[in-house]
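Each remark here refers to the structure printed beneath this line.
The values are calculated or read from the model by the stated rules, or taken from the named source; none is laboratory data. This one's a predicted model, so the numbers in the text were calculated from it and none came from an experiment. Note that each Cβ is placed from the backbone with ideal geometry, even for glycine, and that neighbours are counted across all protein chains shown.
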Amino acid sequence: MAALISGIVASKSTQLPKVAAKVPTGIKPESRVKRFARWLDNEHILEEVYFLPYAELLLAHLAVETLVLVTDGSVVGCGCVALMIHVLYKGRALPLAWRVRQGPKGHFPEALHIALLNLIRACLPEGTPVVFLGDGEFDGTMLQQTLHEAGWHYACRTAQSTVATWEGETFRLDTLGACSKPGTLIELKEVKITRDAYGPVMVLSCWGKGYHEPLYGVSNMDAAEGACRYSTVVFCHF
């Protein structure tokens with residue numbers, strides 16, 4: 001594993017031939033590729049043994065202040081997509097856990113979102129303050145309920161077509177954008193969202209200066225300004 005990590009860092013790639021070429025041992029690169037492949041294919045090489053303990057140690061040291069976790073889906077090699085969760089540290093997103101499946105880029109099932117969240121939740125010291133950020137894939141009401149039960153704050157993008165109910169009125173979120181202009185931030189509290197009327201939550205319409213249209217989000221934070229400040233990387237620049 002140490003050789004793999006050093007090769008990945010040196011080659012800036014995860015392709016085994018490129019990684020093997022950067023590992024300083026006396027073995028031929030072709031042999032190193034075979035050894036790496038055997039290591040990766042070994043069913044006894046488990047994340048619970050070789051990776052999560054390091055993630056848990058990292059989180060324990062960072063948990064002295066509020067942890068900011070970011071999750072997203074990304075296209076990876078060989079026609080696969082990865083669902084990943086990261087912790088933000090000094091402007092960098094450090095990967096903590098992921099799940100990979102074959103197929104084109106698209107949304108993962110909400111149950112997989114929750115499973116990945118619970119995996120990291122088990123690695124955190126009790127009582128760690130957490131802010132969870134996600135794009136429009138991560139606005140599912142079951143995921144929001146899981147985050148609420150965990151005691152985490154969250155701010156996630158959502159679609160302009162999301163249905164909300166506030167003070168007895170039901171509307172699409174793009175209704176908020178239609179009555180705003182660049183440089184404005186609209187927040188509504190005690191809102192029920194989707195046809196399932198999940199809530200209460202806060203919904204946001206954030207139209208950053210320089211953008212052509214507003215972005216929309218859901219959050220359980222106390223104030224819209226705090227949600228936007230935390231979620232600049234995935235929500236808006238306001």
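Observations on the structure shown:
- Members of the range 22-44 found to be among the aliphatic types (A, V, I, L, M), surrounded by 14 or more Cβ atoms within 10 Å (Cβ to Cβ) and out of contact with any Lys or Arg (no Cβ under 7 Å at 6 or more places or on another chain), listed by number: Val33
- Qualifying residues in the range 135-152 (those that are of a type in the set (A, V, I, L, M, F, W, C) and in contact with a strand residue (DSSP E or B) (Cβ under 6 Å, 6 or more places away or on another chain)) - the one nearest to Met84 (Cα to Cα): Phe138
- Single residue of the range 119-135 satisfying the filter (among the small types (Gly, Ala, Ser) and surrounded by fewer than 19 Cβ atoms within 10 Å (Cβ to Cβ)) that is farthest from Cys228 (Cα to Cα): Ala122
- Of the residues screened, Phe138 is one that is under 16 Å from Ala227 (Cβ atoms) and either aromatic (Phe, Trp, Tyr) or out of contact with any Phe, Trp or Tyr (no Cβ under 8 Å at 6 or more places or on another chain) (or both).
- Residue in the range 53-70 that is touching a helix residue (DSSP H, G or I) at 6+ places or on another chain (Cβ under 8 Å), in contact (Cβ under 8 Å) with a residue 12 or more places away in the chain, hydroxyl-bearing (Ser, Thr, Tyr) and not in a helix (DSSP H, G or I) present: no
- A search for C-beta distances below 6 Å between a residue of the range 78-106 that is within 17 Å of Tyr50 (Cα to Cα) and any residue that is crowded, with 18+ Cβ neighbours inside 10 Å and among the β-branched types (Val, Ile, Thr), counting only pairs 6+ apart in sequence or on different chains, returns Leu94/Val87; Leu96/Ile85; Leu96/Val87; Leu96/Ile120; Ala97/Ile85; Ala97/Ile120.
- The set of residues from the range 5-52 being assigned to a loop (DSSP other than H, G, I, E, B), over 17 Å from Trp98 (Cβ atoms) and within 30 Å of the chain's Cα centre (by Cα) comprises Lys12, Ser13, Gln15, Asn42, Glu43, His44.
- Ser6 satisfies every condition listed in (1) modelled with pLDDT of 90 or more; (2) surrounded by 11 or more Cβ atoms within 10 Å (Cβ to Cβ) except (1).
- Residue that is farthest from Ala223 (Cα to Cα), among those in the range 167-193 that are crowded, with 17+ Cβ neighbours inside 10 Å and of a type outside the set (A, V, I, L, M): Gly177
- Annotation: Ser205 fulfils all but one of (1) under 14 Å from Gly136 (Cα atoms); (2) of a type in the set (S, T, N, Q); (3) under 18 Å from the mean Cα position of the chain (by Cα); the unmet one is (3).
- Matching residues, the range 188-227, being touching a residue at least 40 places away in the same chain (Cβ under 8 Å), in contact with a helix residue (DSSP H, G or I) (Cβ under 8 Å, 6 or more places away or on another chain) and over 16 Å from Ala159 (Cβ atoms): Asn220, Met221
- Filtered by the rule that a residue be in contact with a strand residue (DSSP E or B) (Cβ under 9 Å, 6 or more places away or on another chain) and either assigned to a loop (DSSP other than H, G, I, E, B) or not hydroxyl-bearing (Ser, Thr, Tyr) (or both), the range 210-226 gives Glu213, Pro214, Leu215, Gly217, Val218, Asn220, Met221, Asp222, Ala223, Ala224, Glu225, Gly226.
- Criterion: of a type outside the set (D, E, K, R) and closer than 23 Å to Leu69 by Cβ - qualifying residue of Cys179, Cys228: Cys228
- Single residue of the range 203-221 satisfying the filter (modelled with pLDDT of 90 or more and touching a Lys or Arg at 6+ places or on another chain (Cβ under 9 Å)) that is surrounded by the fewest Cβ atoms within 10 Å (Cβ to Cβ): Val203
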